[in-house]
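Everything below concerns the one structure shown next.
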Amino acid sequence: MGFLSKDVKTGEYVSVISEQCQFQGTLDLQGSLRIDGALEGNVDNAKYVTISKSGTVKGDITAQGVVVIGQMTGDIVADSVEILADAKITGNIRSKSILIEGGAKVSATIHVVGEEEASLDEEEIAADEPQSKPAKAEKTEKQEKKDNKKGEK
């Protein structure tokens with residue numbers, strides 16, 4: 001169960017969360033990351049992130065490039081995103097370029113942005129999400145007040 005391996009093509013070291021490994025927390029790294037196991041948390045400032053077929057992520061990823069083959073629940077902000085045929089994604093994606101292979105299951109809001117918009121922060125992504133939860137909570141509060149008034153009479 002190693003945490004560091006060397007990419008044969010580039011000679012660059014890549015951090016690895018191996019298939020039997022489960023990691024919780026935020027990873028802030030300058031290099032690349034391959035996820036074969038389970039990650040519950042965020043990946044910040046990575047060069048490249050690959051979620052392999054056996055990999056799962058529950059959290060957000062900010063990187064130069066992201067390749068998803070496994071499962072991801074969360075937001076992606078990257079210059080380029082590739083979603084391959086076996087991938088399952090739920091969340092938001094903001095990227096300069098995106099490739100989605102046939103067979104991938106994607107339930108996401110996708111924003112393809114230009115150079116000037118590429119490095120937007122997570123607050124702007126959250127602002128793009130539908131705001132249905134607060135409206136539902138407000139409705140529930142009003143209904144509870146009505147029910148309380150009926151009970152008092």
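In the condition set (1) open to solvent by 80 Å² or more (accessible area, probe 1.4 Å); (2) at pLDDT 95 or above; (3) farther than 15 Å from Asp44 by Cα; (4) of a type in the set (S, T, N, Q), Gln64 is compliant with all but (3). Candidates are the residues of the range 58-75 that are touching a Ser or Thr at 6+ places or on another chain (Cβ under 7 Å) and among the hydrophobic types (A, V, I, L, M, F, W, C); the one that is nearest to Ile93 (Cα to Cα) is Val67. From the list Ala104, Ala87, the one residue that fits, being touching a strand residue (DSSP E or B) at 6+ places or on another chain (Cβ under 8 Å) and more than 18 Å from Arg34 (Cβ to Cβ), is Ala104. On the stretch given as the range 49-61, residues that are under 8 Å from the mean Cα position of the chain (by Cα), buried (at least 18 other Cβ atoms within 10 Å of the Cβ) and within 17 Å of Cys21 (Cβ to Cβ) total 2.
Restricting attention to the range 80-95, the residues that are buried (at least 16 other Cβ atoms within 10 Å of the Cβ) and under 21 Å from Leu29 (Cβ atoms) add up to 6.
The values are calculated or read from the model by the stated rules, or taken from the named source; none is laboratory data. Keep in mind that what you see is a predicted model, and the values were worked out from it rather than measured. All Cβ positions, glycine included, derive from the backbone under ideal geometry; neighbour counts span all protein chains shown. Ligands, DNA and RNA are stripped out before the accessible areas are found, and what is left, the full protein with its side chains, is counted by its heavy atoms. Shrake-Rupley method; radii C 1.70, N 1.55, O 1.52, S 1.80 Å.
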